[in-house]
Amino acid sequence: MNGAESLVKTLLANGVEVCFTNPGTSEMHFVAALDHIPGMRSILALQEGVATGAADGYYRMTGKPASTLLHLGPGLANGLSNLHNAKKAGSGVVNIIGEHASTHIELDAPLTSDIEGIARPVSHWVHTSKTVETVGLDAAKAVQAAMTAPGQIASLILPSDTAWNEGGTAHGAIDIPAPAPFDESQLAQAANALGGPETLLLLGGTALTEANLEIAGRIAAKTGCKILSEWSNARLERGAGRVFIGRVPYPIDIALKVLEPFKRIVLIGARAPIGFFAYPDKPAILTREGAEITTLAAADADLSGALAALCAATNATETPPAHVVKAEQPERPTGRINLDSLAALIARAIPEDAIVVDESVTSGRAFSPATRAARRHTWLNNCGGSIGYGMPAAIGAAVACPDRKVMCMTGDGSAMYTVQSLWTMAREKLDITVLIFANRSYQILRGELTNVGVQNAGPRAMDMLSLERPTLDWVQMAQSMGVIASRVSECEELEAALEDGLSSGGPNLIEIVL
């Protein structure tokens, strides 16, 4: 077999069953191998950021990596922003990146670049397969790296002659390393730290599963501590019957106020809170001065084991959990849509066991409290802050969980970064309802002007934050790519559109004019 065939067979042997692709000439032997070796679902993306973002969403919902297929250095570069997001989320991804044949690199052809150099900042593991004989083992090592807790980015570079040469050998399943142990030396200190409303248990990563949140609820009930999660979470289980956990707020002034009471903080899977950005005359560290912070388990550790041990150490094992939410729906709003009525309508519409992909920083700040008692669902956040994550991640989630409804919530500015996602949704007939919050501006940046100290911004500054002149027409864009679409501005219209979209079984887009 040739190198490309050994690569595909090795990926399949190691549980990689989906490839989000945007290939070029140097990857044609890999494309041919995907064609005649059964078992790999290949999904075409019209831009590499869609492919890498989809791989992120896929991992979050399955716990195993998909592969991407990217064309040389420029193709990889197009996918960097969502690889950055995936890295920050702790998602495992196996990138297969084409390269010129070794004899062609020295000619400095137009697409020649330093692929390893481009990949390194967004990858935990980078390797070039120099010979056909090593491709299978290299691929197995890439999967092993991607499956290292909490999930890592592995970038395997495949020169075209390595792909087409004969002599490849497929490699079988490789051992996956167990998560690091939590810091048992900190267990007694963590248990002693929690007691009363001035103490906080701050969670992230896989500490936010339904089972682990129940344990956190037991600890909170026993000790009286507060529980919060980080602002951005790779995956959070929410809704009626589950333990509700609030998030550290994104706006710095609100975050400072929320965190100011806590004298002692225990971290499990989370980092000590810092601001998203630096602001003049505002602190970068969001906790109160002198707060005692204990890290029981970092994100790559055994978070379930850490929570179970902390529960036992606080004698909370038999304590009923606090903050369990009872089913409740907001009243049905009417009239013109505003942010409060939007949150209420979304809360009412979330289907049982839905996946909600959230890229709505400005419009979505009211969503968390409004949806806390909605039907049970999974919530995915943008963990890296690079916009254009929402629709690609929704693709990956829908591919991973075809039996679950996916709601994708994103702003009009963010969605334009990866608008090509709509085409892939239509081509694959994915059950995704996309909500576009059309405030026709980079609304978050208007607030940031004030936060950084700019007063009375003039018309030229405001014009750089506007998405008008011309106004984006999301209905036409979606329809041109095969997605059913509608535009709404009244609550009654949105309620009907949500019902239609979520019951259709295929991709739908609703442009919500705010």
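The values are calculated or read from the model by the stated rules, or taken from the named source; none is laboratory data. The structure displayed is predicted, hence computed values, not measured ones. Neighbour counts are summed over all protein chains in view; Cβ atoms, including those assigned to glycine, are modelled from backbone coordinates with ideal geometry.
Would you check if there is a residue in the range 151-159 being part of a loop (DSSP other than H, G, I, E, B), in contact with a Phe, Trp or Tyr (Cβ under 9 Å, 6 or more places away or on another chain) and at pLDDT 95 or above?
Yes.
What about Ser129, is it at pLDDT 95 or above, of a type in the set (Ser, Thr, Tyr), more than 15 Å from Ser26 (Cβ to Cβ) and touching a helix residue (DSSP H, G or I) at 6+ places or on another chain (Cβ under 6 Å)?
no
Under the condition of being among the β-branched types (Val, Ile, Thr) and in a loop (DSSP other than H, G, I, E, B), which residue from the range 1-50 is surrounded by the most Cβ atoms within 10 Å (Cβ to Cβ)?
Among residues in the range 1-50 that are among the β-branched types (Val, Ile, Thr) and in a loop (DSSP other than H, G, I, E, B), the one surrounded by the most Cβ atoms within 10 Å (Cβ to Cβ) is Val16.
Among the residues of the range 177-216, count how many are out of contact with any Cys (no Cβ under 9 Å at 6 or more places or on another chain) and in a loop (DSSP other than H, G, I, E, B).
8
If you take the residues of the range 264-295 that are free of Cβ contacts under 8 Å to residues at least 12 places away in the same chain and aliphatic (A, V, I, L, M), which of them is farthest from Gly205 (Cα to Cα)?
Ala278
Taking Glu499 as the residue in question, decide whether it is over 26 Å from the mean Cα position of the chain (by Cα), surrounded by fewer than 18 Cβ atoms within 10 Å (Cβ to Cβ) and among the acidic types (Asp, Glu).
no
State yes or no: is Gly151 at positive phi and either aromatic (Phe, Trp, Tyr) or crowded, with 19+ Cβ neighbours inside 10 Å (or both)?
In short, yes.
Yes or no: Asp300 surrounded by fewer than 21 Cβ atoms within 10 Å (Cβ to Cβ) and closer than 30 Å to His124 by Cα?
yes
Need a quick list: strands (runs of 3 or more DSSP E) entirely within the range 51-142 having at least 3 residues that are acidic (Asp, Glu), over 19 Å from Thr418 (Cα atoms) and in contact (Cβ under 8 Å) with a residue 24 or more places away in the chain.
Output list is empty.
Which one is farthest from the chain's Cα centre (by Cα) among residues in the range 261-285 that are in a loop (DSSP other than H, G, I, E, B) and surrounded by 18 or more Cβ atoms within 10 Å (Cβ to Cβ)?
The selected residue is Phe262.
Answer yes or no: is there a residue in the range 97-111 that is within 23 Å of Ile174 (Cα to Cα), not acidic (Asp, Glu) and not assigned by TED's automatic domain parsing to the domain that holds Ala270.
Within the range 97-111, one or more residues are within 23 Å of Ile174 (Cα to Cα), not acidic (Asp, Glu) and not assigned by TED's automatic domain parsing to the domain that holds Ala270.
Here's a check for you: in the range 478-496, which residue that is closer than 18 Å to Arg440 by Cβ and in contact with a helix residue (DSSP H, G or I) (Cβ under 7 Å, 6 or more places away or on another chain) is surrounded by the fewest Cβ atoms within 10 Å (Cβ to Cβ)?
Going through the qualifying residues, I end up with Arg487.
In the range 371-390, which residue that is surrounded by fewer than 21 Cβ atoms within 10 Å (Cβ to Cβ) and not basic (Lys, Arg) is nearest to Glu210 (Cα to Cα)?
So, considering only residues that are surrounded by fewer than 21 Cβ atoms within 10 Å (Cβ to Cβ) and not basic (Lys, Arg), the one nearest to Glu210 (Cα to Cα) is Ala373.
Has the range 217-240 got any residue that is buried (at least 20 other Cβ atoms within 10 Å of the Cβ), part of a helix (DSSP H, G or I), touching a residue at least 24 places away in the same chain (Cβ under 8 Å) and in contact with a His (Cβ under 9 Å, 6 or more places away or on another chain)?
The answer is yes; a qualifying residue exists.
Looking at the range 331-345, I want the residues that are farther than 12 Å from Leu498 by Cβ and have a partner that is among the aromatic types (Phe, Trp, Tyr) with Cβ atoms under 6 Å, at least 6 apart or on another chain. Which pairs are those?
Final answer for the pair search is Ala343/Phe367.
Restricting the search to the range 93-135, which residues are surrounded by 23 or more Cβ atoms within 10 Å (Cβ to Cβ), within 20 Å of Gln47 (Cα to Cα) and not polar (S, T, N, Q)?
Matches in the range 93-135: Val93, Val94, Ile96, Ile97, Gly98, Glu99, Ile115, Ala119, Val122.
Within the range 306-330, count every residue that is in contact (Cβ under 8 Å) with a residue 40 or more places away in the chain, more than 18 Å from Arg242 (Cα to Cα) and loosely packed, with under 15 Cβ neighbours inside 10 Å.
1
Hey, can you tell me all the residues within the range 241-260 that are out of contact with any Leu (no Cβ under 8 Å at 6 or more places or on another chain) and crowded, with 23+ Cβ neighbours inside 10 Å?
Those that are out of contact with any Leu (no Cβ under 8 Å at 6 or more places or on another chain) and crowded, with 23+ Cβ neighbours inside 10 Å: none in the range 241-260.
Can you name the strands (runs of 3 or more DSSP E) wholly within the range 286-400 that have at least 3 residues being closer than 25 Å to Val483 by Cα and either in contact with a strand residue (DSSP E or B) (Cβ under 7 Å, 6 or more places away or on another chain) or acidic (Asp, Glu) (or both)?
Per the criteria, 354-359, 377-381.
From the list Val356, Val361, Val325, which one is closer than 22 Å to Ile252 by Cβ and aliphatic (A, V, I, L, M)?
Exactly one residue qualifies, and that residue is Val361.
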